[in-house]
Amino acid sequence: EDLEQAGIVSREKHPHSLQQEVTYGTAGFRMRAENLDHIVYRMGLLSVLFSKFRSGVTGIMITASHNPEEDNGVKLIDTMGEMMPISWEKHATDLANVSDHQLVEALKEIVKSEAIDITKPGIVSVGMDTRISSPALSQAAIDGIKALNGECHNFGLLTTPQLHYIVCCENTQGSYGDPTEEGYYNKLATAFVKLNKDKKCVNYVSQLFLDLANGVGAPKVRELLKHLNGSLNINLCNDGSSGKLNHQCGADFVKVCQAPPVGVNLEPGMRCASFDGDGDRIVYYYKTSEGKFSLLDGDKIATLFAAYLNELVKSSQLKLDMGLVQTAYANGSSTAYITDVMKVPVACVPTGVKYLHHKAQDFDIGVYFEANGHGTVLFSESARKLIVNQASNSSLDKVTKEAADRLATVMDLINQTVGDAISDMLVVETILASRDWTCQDWDSAYTDLPSRQIKVKVENRLLVETTDAERRTTKPPGLQEAIDEIVSNYKHGRAFARPSGTEDVVRVYAEADTQANADKLAYEVGMQVY
Ligand code: 16G
Ligand code: ZN
């Protein structure tokens, strides 16, 4: 039968070739591309089982996001366009590690433990980024899907969030949008053009300098521009025509180095943004009139979104509760601002989109962002209905109805399946235009505490264990006490250490009153971990 067939194809075309054990990490499997072939093939198999289990279309994305060109990765997408649930990660890990002749047995094991009806259809949508290794790996995934007699929708080049969007559309009978790349541009562009049609701006300039990290964002933003009818001008930088993927550019580089990417000649007055390699993160930045580089990261984007949505909800005369979700990396000033000034509840969760997304579902409107620029807004089903009803309620006064209409349109501009650089960019631009703000205006809400991130190479990063959304360590013994002691010597000091979920290192984050102190604090905490 099919499962036996999967075993034959495995041995003949995608043999297991790796010594070390691998685990399905924070965002799937990620490693040197040459080691991934059999893993991706097996994820093709798993995605078919997962589709049968869910009775819907699942997805597979081939990408390693902001990692170097030599790496690649694979992650699975659930039927609502969200990440595969954590409970299935162990199946992915098991399947990736078994030998070729144990494979059929492992598949049977999954079928049994999840009580999967194997006779159901298995349908999987596949997308990939621009890496040189992506087409071959994408083929490995397709081979896996076909080996189990699954149906494959091969979309080729996509940003990660585009694939999430398409999978969601495929499972919701078009109510979320058309399940095509074209449908994606149409939905976003229609909302953007509507929201920006009669803007009269003095301070906001409709000109964005966009660093695409030489990744898949470049061809996709070009496509988008064709649909925007000139309502936004974008200068594409690092668009893949010469530079190397993620090399000295992209959202991760800019965030970690707190410096502009190569290829962008930053001058005061310019509004700039960077995508990461697969288009699911964005950060903004500009040069102040004093000539200082200033970053508008995920925290700044979250507060911009939340404040604006809050106002629209109030003007629409709706009662919807809003919450903001962050991780330990959120700048302390942002958390204080949201709590004390905006008076919006803040939750802190462990690093990784799956945790943020899940927590955001607790609110009518849940805004979540990682400081690194990955985030979106979730509207509960009841909130969505209330907003749509209010927008079409003809008994309301003009101002209220217009606000509700605007809120409904902003909702259409947001990719709720996952953080999406293209969608987030369009929302930021809409809000800045509607407020007639420059970057400096936006930035003035609060001042970030200087911070520093470092990574520490250790023998075994898993010796460090954490609690309290990664803000405190429980192991090794004595580490947290030592960190507390060091931190107490710094004004506005805060620091934590956590094992990375994507690299073999321990990450240390520190913030303090000055950059020199933040640097020193990170270093001192790093020495405790080492
Ligand atoms: C992955 C996560 C990202 C997280 C990062 C942290 C997803 C889709 N991506 O890229 O959210 O910030 O890992 O990596 O979940 P780290 O554990 O190595 O610090
Ligand atoms: Zn990414």
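The values are calculated or read from the model by the stated rules, or taken from the named source; none is laboratory data. What you are looking at is a predicted structure, and each value in this text was computed from that prediction instead of being measured. All Cβ positions, glycine included, derive from the backbone under ideal geometry; neighbour counts span all protein chains shown.
Quick look at the values:
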| item | result |
| --- | --- |
| Residue match in the range 281-295 (condition: of a type outside the set (Lys, Arg), touching a strand residue (DSSP E or B) at 6+ places or on another chain (Cβ under 9 Å), closer than 18 Å to residue 450 by Cα and surrounded by fewer than 17 Cβ atoms within 10 Å (Cβ to Cβ)) | yes |
| Members of the range 255-305 found to be more than 21 Å from residue 204 (Cβ to Cβ), of a type in the set (Lys, Arg) and in a helix (DSSP H, G or I), listed by number | 255 |
| Every pair of residues 6+ apart whose Cβ atoms lie under 6 Å, when the first sits in the range 481-505 and is without any contact (Cβ under 8 Å) to a residue 40 or more places away in the chain while the second is away from ligand 2 (no atom under 16 Å from the Cβ) and among the acidic types (Asp, Glu) | 491/513 |
| Residue, nearest to residue 63 (Cα to Cα), within the range 272-306, restricted to residues that are small (Gly, Ala, Ser) and more than 16 Å from ligand 2 (Cβ to nearest atom) | 302 |
| Which numbered condition residue 323 misses (of (1) modelled with pLDDT of 95 or more; (2) within 16 Å of ligand 1 (Cβ to nearest atom); (3) touching a strand residue (DSSP E or B) at 6+ places or on another chain (Cβ under 8 Å); (4) under 27 Å from residue 80 (Cβ atoms)) | (2) |
| Tally, over the range 12-32, of residues that are touching a helix residue (DSSP H, G or I) at 6+ places or on another chain (Cβ under 7 Å), away from ligand 2 (no atom under 16 Å from the Cβ) and of a type outside the set (D, E, K, R) | 8 |
| Enumeration of residues in the range 470-517 that are out of contact with any helix residue (DSSP H, G or I) (no Cβ under 8 Å at 6 or more places or on another chain) and either within 30 Å of residue 71 (Cβ to Cβ) or within 16 Å of ligand 2 (Cβ to nearest atom) (or both) | 470, 471, 498, 501, 502, 503, 507 |
| Residues within the range 143-186 that are within 22 Å of residue 121 (Cα to Cα) and within 16 Å of ligand 2 (Cβ to nearest atom), tallied | 3 |
| Of residues in the range 175-184 being farther than 14 Å from residue 56 by Cα and not β-branched (Val, Ile, Thr), the one surrounded by the fewest Cβ atoms within 10 Å (Cβ to Cβ) | 175 |
| Test: residue in the range 59-70 that is in a helix (DSSP H, G or I), within 16 Å of ligand 1 (Cβ to nearest atom) and under 29 Å from residue 360 (Cβ atoms) | no |
| One residue from 421, 433, 408, 404 being touching a helix residue (DSSP H, G or I) at 6+ places or on another chain (Cβ under 9 Å), crowded, with 23+ Cβ neighbours inside 10 Å and farther than 20 Å from residue 375 by Cβ | 404 |
| Selection count, the range 329-356, where residues are within 13 Å of ligand 1 (Cβ to nearest atom) and closer than 20 Å to residue 308 by Cα | 1 |
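Condition check ((1) surrounded by 21 or more Cβ atoms within 10 Å (Cβ to Cβ); (2) free of Cβ contacts under 8 Å to residues at least 40 places away in the same chain) across all residues:
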| position | (1), (2) |
| --- | --- |
| 98 | no, no |
| 109 | no, yes |
| 120 | no, no |
| 128 | yes, no |
| 144 | yes, no |
| 149 | no, no |
| 156 | no, yes |
| 159 | yes, no |
| 163 | yes, no |
